[in-house]
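Okay, so here's the structure we're looking at.
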Amino acid sequence: GADDATMAPQIAEGRAALPRPLAATASWARQGSRFVLSVPMAGLEKVRKAWFFPESDATITMVTPQQVTIAGDALRIETDAASPEGEVKGVLRVEMAGEAPMGFAITARQGSVPGPGAALGAGGGGNDAAGGGDGGSGDRLGLPLILLGAVLGGLILNVMPCVFPILSLKALALAKGNVDAAEARKEALAYTAGVVLVVTALGGIVLALRAAGSQVGWAFQLQDPRVIAFLLLLVTGIALNLAGLFEITLTTGNLGQDKARSGGASGAFFTGALAAFVATPCTGPFMAGALGAALVLPTVQALSVFAGLGLGLALPFLLIGFVPALRRRLPKPGAWMVRLRAILSVPMFLTALALAWVLGQQVGVNGMALGLAGTLVFGLFLWWLGSRQHGGKSLAIPGTLSLATIVAAVLLVPTTAPEGAANATTAAASELNAVKFTPAALANLRAQNKPVFLYMTADWCLTCKVNEKGAMADPAVAQSFKAKGITVMEGDWTRNDPAISAWLADHKRAGVPVYVYYDPTGGETELPQILTVDALTGLKV
């Protein structure tokens, strides 16, 4: 008969979870009152925990802790013996760094076994309970290393096209304003406070929503078209400001840029907050592991990781404010600053264009048209404002008018895509013949021992798009995958998808991109966030 729509996915997941036969031959020996098991296997350097479950209750005493070490090319497990004899069968549960727990069905013959070996990797050690407990990424990496990854990840965000112009303008403001050392430090601290506060607040919202039962991750707010529309208007306003169309003053609504140029702690604070908010679509090296670990750490430690990300984002300007030698290296003020400011508007305009495209992916062409219409109205308002400024006329219009313009434009945007709308197929997905991710489809492929390359992506993720237009779209990758029979599976998180959110949570990842290769033997390997052609073509089957 036909597959039952409800039970078939559960059966497929059950099959995928069955222990896989281990090709290598294991051995065991009794040494006094102790039972010692030796299991040769690959990837021992990644093993963090292991536990042996014998088929027979007469093999070992189940309640005794198992001491696990690495002896040569084998995993050595020692515990109290019961009455083992002949062939010993059972299941070996292994946890490896960065991978889901795996089960191997083994048959061990009585014979020689090696002596105690080296301890397992960080976070491993001996086991004291069946399965050893997960412990989370925080136990495996250690909080200092996680914080370092967060700081480095935030530091890299400064080169993103939506953040770099803001940082550059704020740094040049110090040179233009010729501020003293005390004022420079004050502005640097205020800028850092703005960045850290926004990033930590966003992280706190993520943690609170997850605690309430929602499966959300970093940059979850970008799955709402209204947030994309707001960012579109905000980035367009910044771009027009950099291009010289108008100047932001207290009467036009302070986004932090007027005081950023003239100095002042409040302007620096708002500029930092602005930089942090527009940086949320970006993720890159070092951020994935750090933010993923934050989701399984205690609340205080988790918030410290998000604060570390903010500190990394603010670090360049913080150093400029506190290191006089760096300020002295800033170029002298001059007419070139006007030209540079106009040049810095280009990446902001490109960011606005990308946001308009994302809006179209989320709510269709009609929704994108409404968003662009709102942007046009907002742009005309700013043009009118600028013409009055350039004419030397006083401005009696309160800042609430500009805010009202933004709110009205955002409310025009629909929150859902029209019926039948679908995201455009990426070049990478088309070239690699990618299929849509579902837990049942993945479980079915793994149950058949087929190699699978799974990538989680989103249209608002800059790193995702770079990888898909770069390494993943290379013809050599498509040829290699086809020759090896690797099935490519795509999970699109542009809009909220509970199945993808649950998968990310299971893999302790805070957001996208995530790239995982499932080999035919049941292994699971996570690839770096910055892909290369060599890394993809080098996947083994």
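The values are calculated or read from the model by the stated rules, or taken from the named source; none is laboratory data. Worth saying up front: this structure is predicted, and the values here are computed from it rather than measured. Glycine gets a Cβ as well: all are built from the backbone with ideal geometry, and neighbour counts include every protein chain shown. SASA here: full protein model, heavy atoms, side chains in, ligands and nucleic acids out. Shrake-Rupley method; radii C 1.70, N 1.55, O 1.52, S 1.80 Å.
Scanning the stretch 501-541 for residues that are basic (Lys, Arg) and under 18 Å from the mean Cα position of the chain (by Cα) yields 508, 509. Checking each residue in the stretch 519-541 for being outside any loop (DSSP other than H, G, I, E, B) and within 17 Å of residue 472 (Cβ to Cβ) picks out 525, 526, 527, 533, 534, 535, 536, 537.
Anything in the stretch 29-39 that is open to solvent by 40 Å² or more (accessible area, probe 1.4 Å) and of a type outside the set (Ser, Thr, Tyr)? List them, or say none.
Going through the stretch 29-39, the residues open to solvent by 40 Å² or more (accessible area, probe 1.4 Å) turn out to be 30-34.
Listed by number, the residues that qualify are 30, 31, 32, 34.
Within the stretch 339-359, can you find the residues that are buried (at least 21 other Cβ atoms within 10 Å of the Cβ), under 23 Å from the mean Cα position of the chain (by Cα) and over 10 Å from residue 235 (Cβ atoms)? 358, 359 - these are the residues of the stretch 339-359 that are buried (at least 21 other Cβ atoms within 10 Å of the Cβ), under 23 Å from the mean Cα position of the chain (by Cα) and over 10 Å from residue 235 (Cβ atoms). Highlighted here are the helices (runs of 4 or more DSSP H) found entirely within the stretch 399-512 that include at least 1 residues which are at pLDDT 85 or above and buried (at least 19 other Cβ atoms within 10 Å of the Cβ): 439-447, 462-469, 475-484, 498-506. A search for C-beta distances below 6 Å between a residue of the stretch 444-466 that is within 21 Å of residue 15 (Cβ to Cβ) and any residue that is among the basic types (Lys, Arg) and open to solvent by 10 Å² or more (accessible area, probe 1.4 Å), counting only pairs 6+ apart in sequence or on different chains, returns 447/15.
Look at residue 537 and say whether it is among the hydroxyl-bearing types (Ser, Thr, Tyr), at pLDDT 90 or above and over 22 Å from residue 360 (Cα atoms). Don't jump to the end; show me each part of the working.
Values: among the hydroxyl-bearing types (Ser, Thr, Tyr): yes; at pLDDT 90 or above: yes; over 22 Å from residue 360 (Cα atoms): yes.
So residue 537 fits the description; yes.
Please verify whether residue 7 is surrounded by fewer than 19 Cβ atoms within 10 Å (Cβ to Cβ), under 30 Å from residue 441 (Cβ atoms), modelled with pLDDT under 90 and not charged (D, E, K, R), treating the condition exactly as stated. For residue 7, the condition - surrounded by fewer than 19 Cβ atoms within 10 Å (Cβ to Cβ), under 30 Å from residue 441 (Cβ atoms), modelled with pLDDT under 90 and not charged (D, E, K, R) - is met. Might you check whether a residue that is open to solvent by less than 60 Å² (accessible area, probe 1.4 Å) and either within 20 Å of the chain's Cα centre (by Cα) or at pLDDT below 85 (or both) occurs anywhere in the stretch 184-191? Within the stretch 184-191 (the criterion being open to solvent by less than 60 Å² (accessible area, probe 1.4 Å) and either within 20 Å of the chain's Cα centre (by Cα) or at pLDDT below 85 (or both)), the answer is no, since none of the residues qualifies.
Every listed requirement among (1) open to solvent by 10 Å² or more (accessible area, probe 1.4 Å); (2) among the small types (Gly, Ala, Ser); (3) within 27 Å of the chain's Cα centre (by Cα); (4) at pLDDT 70 or above is met by residue 213 save one, (4). Residues in the stretch 73-95 that are open to solvent by 50 Å² or more (accessible area, probe 1.4 Å), part of a loop (DSSP other than H, G, I, E, B) and closer than 17 Å to residue 106 by Cβ: 73, 85, 87.
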